[in-house]
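Okay, structure first, notes after.
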Amino acid sequence: GIERSQAGTTDQTAAAAGSQGSSSSGTGWTPRYRWDLPNGYGSGQSGSGSTAGTGTASAATAAEQVGVVDVTTVLDFGAARAAGTGLVLTSNGEILTNNHVVADSTSISVTVVSTGKTYTATVVGTDPTDDVAVLRLNNASGLATANLGDSSTVGVGNAVTAVGNAGGTGGTPSAASGTVTAVNQSITATDENGANAENLTGLIQTDAAVEPGDSGGPLYAKDGTVIGIDTAAATSSNSPVSTSATAAAFAIPIARATAIASAIESGSASSTIHLGYPAFLGVEVQPTGQYGTGDGALVSGVISGTAAAGAGLASGDTITAVGGTTITSSDGLSTALATYKPGQRITVHWLDAAGQSHSATVALTAGPVD
């Protein structure tokens, strides 16, 4: 239930939307790790980008398209869009993808590439720490599932193919061939501007030429089974983020991704696994209170159609309490709201810009995916 801070906040999908960074091959480059690629568009986001790695890319074969889906998201209540990839886990429409493909989304649609049929999707749960998410397609049945393999046998030098929605354009997926260059890799992945850092471990490193839009797509072994999902890329800090190929691509081993997916599907919430959608008040807040730290959460914007808008909250107001909990900071507001679920009713207290006190009881809505 994180209410968005107006200053210094980005989302992973938007920040990873443009080209991934560049580097010269061999020694001499300093790697930067970036969330690999949903492709964003709208609201000034770039819809194009260069490829990564040194392998070759072509159209995916019919066999490589089985169980692959395009994931399209609406961000920030319609302000922007992004596109990525996913895998069909069950015939009734459970979908595996990266968390950063759906983070901050307010609606999701999924197209099964082998049939061209599009479904609306809801979030079953997310694991932002491990960059895994599970979606459920509405009214889906009889879907062909992805051919999952054994990621424990992956070794350096193995031939691989990364398949995905390169460029976010939909249609026939791309297939980028390459080799495994390392296993069990640990990186810290961030947005393009260095925000939203997450430590990812146990990754498969390849030189497959992935592109924006490939996030959540399958990494195939030579035998045609899925051994990972593409997730992050290394870029050089010595050159612009938008000029040439990235130095390496990284994938979450499929065994790890499906273990997390199973925990999500079983309803096992934890410190890292979040089930469903967070409760949302509907305000944008500044990092500190109106009168300095300890004096509440200063509202810098209110989102139309949310509980906050219905209660009459406005930019310049300072939230001082929610549900009986005193709010001393914007972080405190996020922490307090995280204990609630969408649909629950809470009482909000605030001061307006003139210092007058107000309160209202509101029903929290479902917020953007966290």
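The values are calculated or read from the model by the stated rules, or taken from the named source; none is laboratory data. Being a predicted model, the structure only gives us computed values, none of them experimental. Because the Cβ atoms are built from the backbone with ideal geometry, glycine has one as well, and the counts that use them run over all protein chains shown. Ligands, DNA and RNA are stripped out before the accessible areas are found, and what is left, the full protein with its side chains, is counted by its heavy atoms. Shrake-Rupley method; radii C 1.70, N 1.55, O 1.52, S 1.80 Å.
General observations
- Among the candidates A140, A121, the residue that is farther than 21 Å from A259 by Cβ, modelled with pLDDT of 95 or more, of a type in the set (G, A, S) and in contact with a Leu (Cβ under 6 Å, 6 or more places away or on another chain) is uniquely A121.
- Picking from residues in region 286-303 that are at pLDDT below 90 and either over 14 Å from L333 (Cβ atoms) or hydrophobic (A, V, I, L, M, F, W, C) (or both), the one that is least open to solvent (accessible area, probe 1.4 Å) is G292.
- The numbered conditions (1) in contact with a Pro (Cβ under 9 Å, 6 or more places away or on another chain); (2) modelled with pLDDT under 95; (3) open to solvent by 10 Å² or more (accessible area, probe 1.4 Å) are all true for N165 except (3).
- Residues (polar (S, T, N, Q) and either within 25 Å of A232 (Cβ to Cβ) or within 23 Å of the chain's Cα centre (by Cα) (or both)) located in region 132-148: N138, T145, N147
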